[in-house]
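Everything below concerns the one structure shown next.
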Amino acid sequence: MKDRVTRKYIIAMLQPSANPLRKKITFDNQNDRCIAADQIISESSKLQGCFDRMSKGIKLDDPFRAITIMSEVIRGEVDMLSLDVGKLVQDFPDVTSDQVIAVSLN
């Protein structure tokens, strides 16, 4: 279940919105990128906490780590993007570098 929620969250981050009520996120400066990354990390932590409460102390793999790492890519400097993307793709082979770059360059 955690894997499915994580996958849906990442897909929502990667896909452009078809919903006219949901605006496309663009980052005007580094501060905007940091604010977005902090929000993603906060949401990921809340989801993780929810699953931890439901699992009643059973320690499971943490797929939400992928969301946190993606938010760090968003937060990072554009100059360091290739290193951050390389690390993410190495740790999570299901994610392509094109997808990560598309998210981070919004």
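Find all pairs meeting these conditions: Cβ atoms under 6 angstrom apart; at least six residues apart or on different chains; first residue within the range 1-26 and charged (D, E, K, R); second residue modelled with pLDDT of 70 or more.
If the second residue must be modelled with pLDDT of 70 or more, the pairs left are LYS2/PHE51; LYS2/PRO63; ASP3/PRO63.
Among the listed residues ILE11, ILE35, which satisfies the condition of being modelled with pLDDT under 75, among the β-branched types (Val, Ile, Thr) and assigned to a helix (DSSP H, G or I)? Show your work before the answer.
On the way: ILE35 fails: modelled with pLDDT under 75.
Just one listed residue meets the conditions, ILE11.
What number of residues within the range 96-106 satisfy the criterion of being at pLDDT 75 or above and among the aliphatic types (A, V, I, L, M)?
The total comes to 0.
Taking the condition farther than 20 Å from THR6 by Cα and modelled with pLDDT of 75 or more, does ASN19 pass?
Criteria not met by ASN19.
Filter the range 68-82 for residues that are in a helix (DSSP H, G or I), of a type in the set (D, E, K, R) and surrounded by fewer than 17 Cβ atoms within 10 Å (Cβ to Cβ) and give the result.
The answer is GLU72, ASP79.
Pairs needed: first member in the range 62-83, under 17 Å from SER97 (Cβ atoms); second member anywhere, basic (Lys, Arg) and surrounded by 12 or more Cβ atoms within 10 Å (Cβ to Cβ); C-beta distance under 7 Å; at least 6 residues apart or different chains.
Close Cβ pairs (under 7 Å, with a partner that is basic (Lys, Arg) and surrounded by 12 or more Cβ atoms within 10 Å (Cβ to Cβ)) amount to ILE74/ARG33.
The values are calculated or read from the model by the stated rules, or taken from the named source; none is laboratory data. In this text the structure is predicted, and so the values were computed from the model without any measurement. Here the Cβ is made from the backbone with ideal geometry for all residues, glycine too, and neighbour counts use every protein chain on show.
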